[in-house]
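Novice: Structure below; questions to follow.
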């Protein structure tokens, strides 16, 4: 029986597009992110002609929309350096993910975890370093000079808001990279029976010191539950690991996801993994 967490077994595990692939070496890598066949597309021709929220469309047309109530400043996070706190809403973007920057922290067995949207001027050097780790580069294919990863991140930040790149902070220290995206508005929706507000997740655990500690399943569960808590309209969190990657699928199962179907994606067969709001307290 394979280990139930990508970081738990003797073989290193990596992933693309929400999946993991065994590689040679002695360090386990917990990564769940996009590759060449990624579900997260940035090409204008590779998007779905789906209806966007009326408020979002009104904003694009320059029409007045109902403003959100002003919120009090978030309290300081224990142990979190002020430089890693997100200063405010993501300017100029549609609110398709219920303001990831305001989701707040969640408690885990390893400490307090928080998603912080990437700020390129502050965070790209760290993301670039992670992407140039050989164990990561083979799967995300974003190694190289800073502009390679920079273009990938900025395409999301300057897009319509259907995907938000984030750092994952554990007790205030950045240790993972995430992409939270609207699976129902992504090219992935062409390959499975998408439902409105389905939310997808990609994960990369960055530092070698954080790999092999059993963090993969714990963080996947934490972020899936944080998504459901913060997005009332979202009934499902979606992932799509490679069907051949048993350790990655086991990690999702341990995190409370269920196997829904086998789906064909460009370049691979995938296991559609789903964490249901209705089953979250049972799995």
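Novice: Inside the stretch 112-155, can you point out the residues that are touching a strand residue (DSSP E or B) at 6+ places or on another chain (Cβ under 7 Å), at pLDDT 95 or above and either surrounded by fewer than 17 Cβ atoms within 10 Å (Cβ to Cβ) or assigned to a helix (DSSP H, G or I) (or both)?
Specialist: 123, 126, 127, 130, 153
Novice: Among the residues of the stretch 267-283, which ones are in a loop (DSSP other than H, G, I, E, B) and more than 27 Å from residue 139 (Cβ to Cβ)?
Specialist: 277, 278, 279, 280, 281, 282
Novice: Which members of the stretch 193-218 meet the condition of being part of a loop (DSSP other than H, G, I, E, B), under 22 Å from residue 253 (Cβ atoms) and in contact with a strand residue (DSSP E or B) (Cβ under 7 Å, 6 or more places away or on another chain)?
Specialist: Selection gives 195, 198, 211.
Novice: Another question about this same structure. Surrounded by 23 or more Cβ atoms within 10 Å (Cβ to Cβ), within 15 Å of the chain's Cα centre (by Cα), at pLDDT 95 or above and over 14 Å from residue 113 (Cβ atoms), is that true of residue 182? Steps first, answer last, please.
Specialist: Working: surrounded by 23 or more Cβ atoms within 10 Å (Cβ to Cβ): yes; within 15 Å of the chain's Cα centre (by Cα): yes; at pLDDT 95 or above: yes; over 14 Å from residue 113 (Cβ atoms): yes.
Spelling it out, residue 182 is indeed surrounded by 23 or more Cβ atoms within 10 Å (Cβ to Cβ), within 15 Å of the chain's Cα centre (by Cα), at pLDDT 95 or above and over 14 Å from residue 113 (Cβ atoms).
Novice: Follow-up question, since we're still on this one. Only one residue in 275, 258, 221, 280 is at pLDDT below 95 and either farther than 14 Å from residue 183 by Cβ or buried (at least 17 other Cβ atoms within 10 Å of the Cβ) (or both). Which one?
Specialist: Numbers: 275 fails: at pLDDT below 95; 258 fails: at pLDDT below 95; 221 fails: at pLDDT below 95.
Testing whether each residue is at pLDDT below 95 and either farther than 14 Å from residue 183 by Cβ or buried (at least 17 other Cβ atoms within 10 Å of the Cβ) (or both) leaves just 280.
Yes or no, residue by residue, for (1) under 19 Å from residue 230 (Cβ atoms); (2) within 14 Å of the chain's Cα centre (by Cα); (3) touching a residue at least 12 places away in the same chain (Cβ under 8 Å):
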residue: 100; (1), (2), (3): yes, yes, yes
residue: 123; (1), (2), (3): no, no, yes
residue: 130; (1), (2), (3): no, no, yes
residue: 137; (1), (2), (3): no, no, no
residue: 155; (1), (2), (3): no, no, yes
residue: 160; (1), (2), (3): no, no, yes
residue: 163; (1), (2), (3): yes, yes, yes
residue: 166; (1), (2), (3): yes, yes, yes
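Novice: Output the residue which, of all residues in the stretch 105-121 that are out of contact with any helix residue (DSSP H, G or I) (no Cβ under 7 Å at 6 or more places or on another chain) and free of Cβ contacts under 8 Å to residues at least 40 places away in the same chain, is farthest from residue 168 (Cα to Cα).
Specialist: Only one residue fits best here, namely 121.
The values are calculated or read from the model by the stated rules, or taken from the named source; none is laboratory data. Keep in mind that this is a model prediction, so the values were computed, not measured. FYI the Cβ positions are ideal-geometry reconstructions off the backbone, even for glycines, and counts take in every protein chain you see.
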